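Working notes for the structure below.
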Amino acid sequence: MASDLQLRLDSGNGRLHDGHGRIFDPAARRWTRTALAAWGEPVPPRRALDWLQRDSGTPLRAPVAVIGTRTPTAAQVAAAVAMGRLLAEHKVTVLCGGRSGVMEEVCRGVAEAGGLSIGLLPDDEPEAANPYVTVPLATGIGVARNALIARAACCLVAIGGGYGTLSEIAFALQFKRPVFLLEGAPAVDGGRVCSDAEAALDAVARVILAL
């Protein structure tokens with residue numbers, strides 16, 4: 001595993017190195033051995049993520065899912081908006097259930113940052129989406145769409161939530177997708193609690209960079 005403090009970004013040559021003689025392959029999202037010297041500036045994972053999504057030429061196309069309660073508290077609203085904004089600022093596509101509550105607030109954060117959100121709706125028609133969703137996809141399959149969200153995402157961030165969120169977390173862990181928990185999300189073995197949206201972004205960056 002590459003150490004955060006040892007990541008070095010050689011922007012001029014489009015290379016990301018770690019401190020173990022490895023170089024990151026953006027297309028495959030894996031680290032390989034290299035004889036090249038590890039030139040470049042030391043960077044944290046989120047800066048490396050920004051490079052991957054903006055400048056590498058092969059950004060991650062799979063979305064990060066944000067799931068959670070339909071009746072958020074003020075703190076959960078703030079966390080959802082912040083999460084959406086942070087992901088969008090790093091050019092990461094956001095996937096959610098497309099309706100109200102945390103789903104709407106994360107889409108609002110994405111929209112405010114000029115990003116892309118996909119709403120995977122349980123409904124028959126796209127008009128059921130909240131007004132901030134960029135791409136509403138009506139599945140017509142009801143809560144079965146929870147499994148699709150978990151399968152389609154590279155990782156998930158849960159903010160609050162009840163049984164529906166719990167089902168998405170369970171599917172994600174079954175599919176071996178990392179899950180990060182914020183603001184009272186259901187505590188499940190295998191999920192990682194994060195203190196705030198900034199910490200969750202760092203965790204997401206590590207997943208995307210295969211750290």
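Values in this text are rule-based calculations from the coordinates and carry no lab data. Quick caveat, the model's predicted, so the values are computed rather than measured. Virtual Cβ from ideal backbone geometry, glycine too; neighbours counted across all protein chains shown.
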Practice prompt. Go from 0 up to the bin containing the longest alpha carbon distance in the range 64-208, width 5 Å each, and give me the % of pairs per bin.
Written response: 2, 12, 23, 27, 23, 11, 3, 0
Item to complete: Please give the contour-minus-distance gain from Val143 to Val188: 0.36 nm per residue of separation, less the Cα-Cα distance, rounded to one decimal in nm.
Response: 14.2 nm
Practice prompt. Throw me the Rg/Rh for the range 4-48, computed over C-alpha atoms with Kirkwood Rh, two decimals.
Written response: 0.91
Fill in: Stretch in the chain that is longest and holds no trypsin sites (Lys or Arg not before Pro) that DSSP places in a loop and that have at most 11 other beta carbons within 10 Å
62-175
Worksheet item: Taking the chain as a Gaussian network, where each spring joins two C-alpha atoms under 10 Å apart, which residue of Cys154, Cys96, Cys107 fluctuates the most?
Response: Cys154
Worksheet item: Label-point separation (nm) for Glu127 and Ala37, each offset 7 Å from Cα along Cα-to-Cβ?
Response: 6.5
Worksheet item: Roughly what would the spin-label model give for Arg30 and Tyr163, points 7 Å off Cα along C-beta, in nm?
Response: 4.1
Response to the item:
One finds the C-alpha centres of the range 105-148 and the range 1-77 to be spaced, in Å, by 26
Worksheet item: Listing Thr134, Thr58 from the residue with the fewest other Cβ atoms within 10 Å to the one with the most, what is the order?
Response: Thr58, Thr134
Worksheet item: If we count other beta carbons within 10 Å of each Cβ, what is the order of Glu168, Glu104, Glu89, fewest first?
Response: Glu89, Glu104, Glu168
Worksheet item: Hey, what angle do you get for helix 102-112 against the long axis of the chain, alpha-carbon based, 0 to 90 degrees rounded to 10?
Response: 50
Worksheet entry | Residue order, fewest to most surrounding Cβ atoms within 10 angstrom, among Ser167, Ser100 | Ser100, Ser167
Response to the item:
Here the residues of the range 65-83 lying in the modelled label zone of Thr134, meaning backbone nitrogen under 17 Å from a point 7 Å along Cα-to-Cβ, are 65-67, 81-83
Item to complete: Over the chain, calculate the relative contact order: mean separation of alpha carbon pairs under 8 Å at least 6 apart, over the residue count, as a percent.
Response: 18
Item to complete: Tell me what the chain gives for mean residue ellipticity at 222 nm when only DSSP H runs of n ≥ 4 count, each as -39,500 (n - 2.57), the sum divided by the residue total, rounded to 500 deg cm²/dmol.
Response: -10000 deg cm²/dmol
